[in-house]
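*Asks:* So that we are looking at the same thing, I have put the structure below in structure tokens.
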Amino acid sequence: MSKQPVFRFAPSPNGELHLGHAYSALVTDHLARLHKGRFLLRIEDVDGGRARPRFEQQIYDDLAWLGLQWEEPVWKQSEHMDNYASALDKLDQMGLLYPCFASRSEIANYNEKRDLDLPPTPDGYPVYPNIYRDFPKKEGLRRIEAGNPHTLRLNMPKAMQMAQQRVERIDFQERQSDGSYETIFEPPDAWGDVVLARKDTPTSYTLAVVVDDARQGVTHVTRGEDLYHATSLQRLLQVLLDLPEPLYFHHPLIVDMTGRKLAKSDDDVSLSTIRATGISPQELRAQLPPLLF
Ligand code: GLU
């Protein structure tokens, strides 16, 4: 007997949900129903500096208003920090992590000074120029013990080498409009030596997502197109951590009238503002694009 499919909607409570989130939650719910699957809600609150209880409550209120139902208890990432720490530890034991003592501005200056013309990461940020990749271990430890601020970065070439010993190619399965799946290959090393942990946030978004999707038995990841490129990096971590591979569906984003992606800071499109106009959830649903293309 095959397992029941598991879908999840995973908002971060660091702002009000907007129309795009409503659409994403509805797409996920729709697909879960279509596949007779489970619908889970995950609160992605690892970033303690930005997550707020009132936004979390707003998520429950908005989703309930939309008519969605999810399983209890809700999975809150802040309650599972030990899982991310053990995943980090595993990567460390594999020799794949190193401490980096450079601040964001040092990294930017470094690139500028050396006139490094490195291609940006797939989400358009400057790629890390590997300043501390080969830094002497002993001196690194000394600095950590002395309390120097640092992040933990993934040694990408080593990670790729290790992953390629396990699988021939790190690719993923993306749902197409006709319901079939296409194999997508995007080289994960385009991300460079990514940060997997920092002092104030002991796990990166990517690591937490990968660990939780596995822990929660998620079989289908449905989310906005803005996270499409992040998938290659998540697949790399899944291979390294020996975690199962879910199927993916990155739905189109809802854009505003000028074609711009919606942001949590835009009050005019926040769900609570829209709800306050007296619109019904059915009317709102009718105004959104179809749930499947
Ligand atoms: N928490 C992420 C966000 O709100 C989504 C993570 C995911 O669906 O993988 O953008």
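The values are calculated or read from the model by the stated rules, or taken from the named source; none is laboratory data. These numbers come from a predicted model, not from an experiment. Here Cβ is always computed from backbone atoms with ideal geometry, including for glycine, and neighbour counts include all displayed protein chains. Keep in mind that these areas ignore ligands, DNA and RNA; they rest on the heavy atoms of the full protein, side chains included. Shrake-Rupley method; radii C 1.70, N 1.55, O 1.52, S 1.80 Å.
*Asks:* Give the residue that is farthest from the ligand (Cβ to nearest atom), with candidates limited to residues of the range 1-56 that are more than 14 Å from His220 (Cα to Cα), polar (S, T, N, Q) and in contact (Cβ under 8 Å) with a residue 24 or more places away in the chain.
*Replies:* That would be Asn14.
*Asks:* Is it true that Ala230 is within 13 Å of the ligand (Cβ to nearest atom), in contact (Cβ under 8 Å) with a residue 24 or more places away in the chain and either surrounded by fewer than 14 Cβ atoms within 10 Å (Cβ to Cβ) or under 29 Å from Met162 (Cα atoms) (or both)?
*Replies:* Taking the combined requirement at face value, the residue satisfies it.
*Asks:* Please work out which residue is surrounded by the most Cβ atoms within 10 Å (Cβ to Cβ), limiting yourself to the range 7-25 and to residues that are small (Gly, Ala, Ser) and more than 15 Å from Gly67 (Cα to Cα).
*Replies:* Checked the range 7-25; the qualifying residue surrounded by the most Cβ atoms within 10 Å (Cβ to Cβ) is Ala10.
*Asks:* For the range 187-202, give me the residue count where each residue is open to solvent by less than 40 Å² (accessible area, probe 1.4 Å) and at pLDDT 95 or above.
*Replies:* 8
*Asks:* Name the one entry in Gly147, Gly67 that is open to solvent by less than 50 Å² (accessible area, probe 1.4 Å) and either modelled with pLDDT of 95 or more or under 23 Å from Leu196 (Cβ atoms) (or both).
*Replies:* From the options Gly147, Gly67, the qualifying one is Gly67.
Results for (1) in a helix (DSSP H, G or I); (2) modelled with pLDDT of 95 or more, shown as yes or no for each residue.
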| position | (1), (2) |
| --- | --- |
| Leu118 | no, no |
| Thr121 | no, no |
| Gly124 | no, no |
| Val127 | no, no |
| Asp134 | no, yes |
| Gly140 | yes, yes |
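*Asks:* Any residue in the range 57-74 that's part of a loop (DSSP other than H, G, I, E, B): show its pairings with residues that are surrounded by fewer than 18 Cβ atoms within 10 Å (Cβ to Cβ) at Cβ separation under 6 Å, as long as the two are six or more apart or on different chains.
*Replies:* Gly67/Pro281
*Asks:* Another question about this same structure. Do you know which of the residues in the range 57-91 that are under 26 Å from Leu292 (Cβ atoms) and among the aliphatic types (A, V, I, L, M) is farthest from the ligand (Cβ to nearest atom)?
*Replies:* By that ranking, first place goes to Ala64.
*Asks:* Out of the range 233-280, which residues are open to solvent by 50 Å² or more (accessible area, probe 1.4 Å) and in contact with a Ser or Thr (Cβ under 7 Å, 6 or more places away or on another chain)?
*Replies:* Leu247, Asp267
*Asks:* Going by the conditions given, is Ile107 of a type outside the set (D, E, K, R), within 24 Å of the chain's Cα centre (by Cα) and not in a loop (DSSP other than H, G, I, E, B)?
*Replies:* Against the criterion (of a type outside the set (D, E, K, R), within 24 Å of the chain's Cα centre (by Cα) and not in a loop (DSSP other than H, G, I, E, B)), Ile107 qualifies.
*Asks:* Is at least one residue of the range 251-265 more than 16 Å from the ligand (Cβ to nearest atom), more than 30 Å from Gln173 (Cα to Cα) and modelled with pLDDT under 90?
*Replies:* Among the residues of the range 251-265, at least one is more than 16 Å from the ligand (Cβ to nearest atom), more than 30 Å from Gln173 (Cα to Cα) and modelled with pLDDT under 90, which makes the answer yes.
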